[in-house]
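To start, the structure itself, in structure tokens.
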Amino acid sequence: MKNIKYIGCDDAELDLFESQYALPDGMCYNSYVVFGEKQVAVMDGVDARCAHEWLDKVEEAMDGRTPDYLVCQHMEPDHSGAMALFLEKYPQAQVLCSKQAVVMMQQFGIEARNVQIVAEGQRIDLGGVTLQFIAAPMIHWPEVMMTYCAEEQVLFSADAFGKFGVYHADEDDWACEARRYYFNIVGKYGVQAANVLKKLAGKDIQTIAPLHGPMLEGEKKDEALRLYHIWSAYGVETEGVLVAYASIYGNTAKAAQQLAEILKAKGAGKVAITDLSRDDMAEAIEDAFRMDKLALCCSTYDGDIFPAMHLFLHKLRLKGYQNRRVALVENGSWAPQAVRVMKEMLAGCKNIEIVEPTVTIRGSLKPEQRAELEALADALLAK
């Protein structure tokens, strides 16, 4: 890409994204400079934590020139946090953004005097290099747009096609952290993501340049597009079962582990098991969307369900979980209620089939109840 330079920043010390998603490998905030013969555009900014590093990179990339435009595709603070400092340093730069982004600038206290609102399909000619704007609302904020550079065959995709981690983290396994990112950040807006994919279908895209994670080219780009078509349609990426349990003293956990063993023995495909009280909740959400079946094992608690399961089901409902088969196991010593509550919570999800029979444990799983787990597994795996 002879006319595009990367000027993003890594934040290896950040432990939580959006104050909730674990970052074992930190995070990167991507920014790019597009050089035309006459004008220069900076594509998005970075988080305030990296503001001065980014401004130094902007100045170095300019090599004596000054930026004519700051393209603001997404106003979330991890991309607009350094915007005010940029405009203070380069007051002549015109901000190119959507109409909704202007409102958000005011909300975040960013004073931008020179703003041009750009419309769907509008082009800006930098001099031999053009930028075409593509509205992408609710991926994952309403003001979002993407930008296509035909001469370089590059799509600047905003938060779409992003992932957790610094720029070079897990370079050979983009999908793992991209999947966790998608379903927890963008997943609720599958319809909107699918609509944007339709807009992109006619464009020759050789490189995807997201705001998080590495630029994608060749087979990696093709695989990312393939997965986004599956994810945005709430389709099945992997045949298999996620067994998710919420256990107080370990008896429900033992039942969940037995169920997982039975499912594996019956050829269920990939079987993953997660302790909702201890394991990464965002990864559990990812696996629930990835696979076509879900088994929930939960203790009754205060006449309801154990809090970890309640949070899990609440998040699934928020993120648009749908089109799946679900098996239920409950535990309750004197008044089991977990199946009832889990059914009520799953009723808020689209096209969920709860298989019968459900299984009720009284305190601990008895040897003779293994047959009940066998029957539940058969029902879940039935075509």
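Each reported figure results from applying straightforward, stated rules to the coordinates on display, with no laboratory input. Fair warning: this is a prediction, and the values are worked out from it, not measured in the lab. Heads up, the Cβs are rebuilt from the backbone with ideal geometry, glycines too, and the neighbour counts pull from every protein chain shown.
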Pull out a ≥ b ≥ c, the square roots of the eigenvalues of the alpha-carbon gyration tensor of the stretch 4-232, then state rounded if a/c is under 1.5, prolate if not and a/b is larger than b/c, and oblate in the remaining case. rounded
For residue 92 and residue 113, calculate 0.36 nm times their separation in residues minus their Cα-Cα distance, and state this gained length in nm to one decimal. 6.6 nm
Across the chain, how large is the tail of the calculated P(r) beyond 40 Å, expressed as a percent of all Cα pairs? 26
Between residue 37 and residue 236, 0.36 nm times their residue separation minus their Cα-Cα distance comes to what? 67.0 nm
What does the charge dipole of the stretch 230-383 about its Cα centre add up to, to the nearest 20 debye, if the Cβ of each Lys and Arg holds +1 and the Cβ of each Asp and Glu holds -1? 180
Selection of trypsin sites (Lys or Arg not before Pro), the stretch 172-273, meeting DSSP coil and at most 15 other Cβ within 10 Å: 203, 266
Cα→Cβ-extended label distance, 7 Å offset, between residue 6 and residue 168, nm: 1.0
In range of the label at residue 120: residues from the stretch 127-152 whose backbone nitrogen is under 12 Å from the point 7 Å along Cα→Cβ: 134-137
Per-residue [θ]222 nm for the chain (sum of -39500 (n - 2.57) over DSSP H runs n ≥ 4, rounded to 500): -9500 deg cm²/dmol
Restricting to Cα pairs below 8 Å that are 6+ residues apart, what does the relative contact order work out to for the stretch 6-119? Please round to a whole percent. 21
Relative to the longest principal axis of the chain, what angle (0 to 90°, nearest 10) does the C-alpha long axis of helix 281-290 take? 80
re the stretch 238-381: pairs of Cα atoms spaced beyond 22 Å account for a percent value of 28
Using a 10 Å Cβ count of at most 13 others and DSSP loop calls, identify the longest part of the chain lacking such GluC sites (Glu not before Pro). 172-383
Given the convex hull of the Cα atoms of the stretch 161-207, what is a quarter of its surface area in nm²? 3.9
Full extension between residue 383 and residue 322 adds, at 0.36 nm per residue less the Cα distance, a length in nm of 20.2 nm
Let me know the charge dipole size of the stretch 4-232 about its Cα centre in debye, to the nearest 20, where only the beta-carbon of Lys, Arg (+1) and Asp, Glu (-1) is charged. 980
Here the longest stretch of the chain that holds no chymotrypsin sites (Phe, Trp or Tyr not before Pro) in a DSSP loop having at most 14 other beta carbon atoms within 10 Å is 109-248
